[in-house]
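Each remark here refers to the structure printed beneath this line.
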Amino acid sequence: MWKPEETGTMNADWMRVAYRTDPAKLERLLPPGFKLRGEPILSVSCAWFRNLYWIAGRGYGILSLDFPVTYVGKEETIDGNFCPIIWEGRPDAILTGREELGFPKMFAEFPEIDWDRDTGRASCSASWMDFTFFNIELSDLVEEQNPAKVLPGSDGGPQLYYKYMPRTSPFGRDGADVEYVCCGAPKGASTANIVMDDFDYRRWSGKGAVQWNKATFEQLPLQFPFVNTIADLDILEVVEAELVSFSGPGIAISTNTMRVVEPA
């Protein structure tokens with residue numbers, strides 16, 4: 001195990017746009033045992049992490065989605081936020097995150113976030129083999145004084161993921177080796193996975209927009225079903241746009257508390 005003093009200080013810039021969408025379409029993304037909770041608000045986040053101790057000070061970009069859900073398991077019911085997919089820019093982060101921790105990760109390429117503090121604008125994108133399938137842009141950013149130190153988009157509940165590993169068999173006919181829900185919060189806890197009390201934390205709010213660019217098989221051979229499904233989620237109303245910049249103990253941002261939630 002890494003000691004806290006060995007992990008240094010990590011840094012992150014995190015852009016997020018949340019929008020209201022069609023609940024019926026959102027429900028189709030839910031695995032068994034899940035149901036929507038509250039308003040059908042989809043949060044889309046694009047972030048850059050830097051100075052990560054476990055890759056010797058390097059960093060990478062990330063694109064993720066989540067929305068509020070309730071999961072009913074065998075012994076517990078969890079009100080949290082379900083993340084159906086994450087894209088990341090480092091294969092190392094994808095392999096350990098998907099196979100060890102249970103995150104639904106895919107690969108994408110990310111430029112550094114383009115943030116002009118003087119004009120209050122920021123933008124970023126995600127692509128695969130020169131096809132840009134996602135764009136995000138924030139404008140009219142105004143810094144908030146004394147913001148609450150929470151992971152962007154979190155309503156206080158834990159993040160939930162669905163770990164699925166197919167069993168090796170012809171045409172996948174034997175189903176899954178692994179199929180269950182993962183959660184980072186301890187059993188019985190109602191708090192978010194990562195506590196940021198010890199972080200230097202700044203937050204800006206403003207206007208925001210995202211664009212999902214539908215793809216053909218030729219453009220995204222293995223990923224076009226995912227991108228096109230998300231692109232079909234109507235952006236009915238943008239309800240929040242923010243940019244958060246934080247830095248703190250490297251060990252604090254690691255999700256080394258992931259656990260299995262037993263299915264009903």
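The values are calculated or read from the model by the stated rules, or taken from the named source; none is laboratory data. Because the structure is predicted, anything quoted here is derived from the model rather than measured. Here the Cβ is made from the backbone with ideal geometry for all residues, glycine too, and neighbour counts use every protein chain on show. These area figures cover heavy atoms from the full protein model, side chains too; ligands, DNA and RNA do not enter into them. Shrake-Rupley method; radii C 1.70, N 1.55, O 1.52, S 1.80 Å.
In Å², what does the accessible area per residue of the chain work out to with a 1.4 Å probe?
Values: 13200 Å² over 264 residues.
Normalised by residue count, the accessible surface of the chain is 50 Å².
Calculate for the chain the 222 nm mean residue ellipticity that helices alone would give, adding -39,500 (n - 2.57) per DSSP H run of length 4 or more and normalising by residue count, nearest 500 deg cm²/dmol.
On the way: 4 runs with 22 residues, N = 264.
The helix-only estimate for the chain comes to -2000 deg cm²/dmol at 222 nm.
Where the convex hull is taken over the Cα atoms of segment 1-140, what is its projected area averaged over directions, in nm²?
Numbers: hull surface 44.8 nm².
Reported value for the Cα convex hull: 11.2 nm².
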Given a Förster radius of 25 Å and the C-beta distance between L95 and Y164 as r, what FRET efficiency does 1/(1 + (r/R0)^6) yield to the nearest 0.05? 0.95
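If Lys and Arg each add +1 and Asp and Glu each add -1, what is the summed charge of the other residues whose beta carbon sits under 10 Å from the beta carbon of T168?
Details: positive: R167; negative: D174, D177.
Once all neighbours under 10 Å are counted, the net charge is -1.
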Can you give me the Cα centroid spacing of segment 89-112 and segment 214-231 in angstrom? 18
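In debye, nearest 20: dipole of segment 32-185 around its Cα centre with unit charges on the Cβ of K, R (+) and D, E (-)?
Values: 14 positive and 23 negative charges, 97 e Å.
The calculated dipole for segment 32-185 is roughly 460 debye.
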Between S254 and D234, the two model label points (7 Å from Cα along the beta-carbon direction) sit apart by a distance in nm of 4.6
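Specify the longest stretch of the chain that does not include any exposed loop site, a site being one of the chymotrypsin sites (Phe, Trp or Tyr not before Pro) with a non-H, G, I, E, B DSSP assignment and at most 16 other Cβ atoms within 10 Å. List each step's numbers first, then the result.
Values: sites that count: W2, F217.
Between the exposed loop sites, the longest stretch runs 3-216.
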Can you give the charge dipole size of segment 143-264 about its Cα centre, rounded to the nearest 20 debye, using +1 on the beta carbon of Lys and Arg and -1 on the beta carbon of Asp and Glu? 320
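Where does the charge balance sit around V244 when Lys and Arg score +1, Asp and Glu -1, over other residues with C-beta under 10 Å from its C-beta? Before the final figure, lay out each step's value.
Numbers: positive: R16, K149, R202, R203; negative: D13, E144, E242.
Cβ neighbours under 10 Å give a net charge of +1.
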Could you work out how much longer the chain between T119 and M1 gets when fully extended? Use 0.36 nm per residue separation minus the Cα distance between them, nm to one decimal. 38.2 nm
Ratio of the Cα radius of gyration of the chain to 2.2 N^0.38 Å, where N counts its residues: 0.99
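Could you order K3, K25 by accessible surface area, starting with the largest, using a probe radius of 1.4 Å?
On the way: K3 115, K25 60 Å².
Solvent-accessible surface, decreasing: K3, K25.
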Less than 15 Å Cβ to Cβ from L233, Lys/Arg counted +1 and Asp/Glu -1: what total charge do the surrounding residues give? -3
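Give, in nm to one decimal, the length gained when the segment between T9 and D22 is fully stretched (0.36 nm per residue of separation minus the Cα-Cα distance). Don't jump to the answer; show the numbers that get you there.
Values: separation 13, 0.36 × 13 = 4.68 nm, distance 4.00 nm.
Length difference between fully extended and current span is 0.7 nm.
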Find, among the GluC sites (Glu not before Pro) in segment 166-264, those assigned to loop by DSSP (not H, G, I, E, B) with at most 16 other beta-carbon atoms within 10 angstrom. E218
Can you list the residues, at least 5 places off or on another chain, whose amide H is less than 5 Å from the amide H of V239, using H built in the peptide plane? A18, Y19, R20
Using the Cα centre of the chain as the reference point, and only Cβ charges (+1 on K/R, -1 on D/E), how large is the resulting charge dipole? Debye, rounded to the nearest 20. 520
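Please list, by residue number, every one of the GluC sites (Glu not before Pro) in segment 1-99 that is coil in DSSP and has at most 10 other beta-carbon atoms within 10 Å.
E75
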Give the carbon-plus-sulfur fraction of the accessible surface of the chain in %, rounded to a whole number; probe 1.4 Å, heavy atoms of protein chains only. 50
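Normalised by the empirical 2.2 N^0.38 Å for globular proteins, what value does the Cα Rg of segment 1-83 take? Before the final figure, lay out the partial values.
On the way: Rg = 16.9 Å, N = 83, 2.2 N^0.38 = 11.8 Å.
That ratio works out to 1.43.
With the Cα gyration tensor of segment 116-249 giving a ≥ b ≥ c as the square roots of its eigenvalues, does the rule (a/c under 1.5 for rounded; else a/b larger than b/c for prolate; else oblate) give rounded, prolate or oblate?
Values: a/c = 2.57, a/b = 1.28, b/c = 2.00.
Because a/c hits 1.5 or more and a/b fails to exceed b/c, segment 116-249 counts as oblate.
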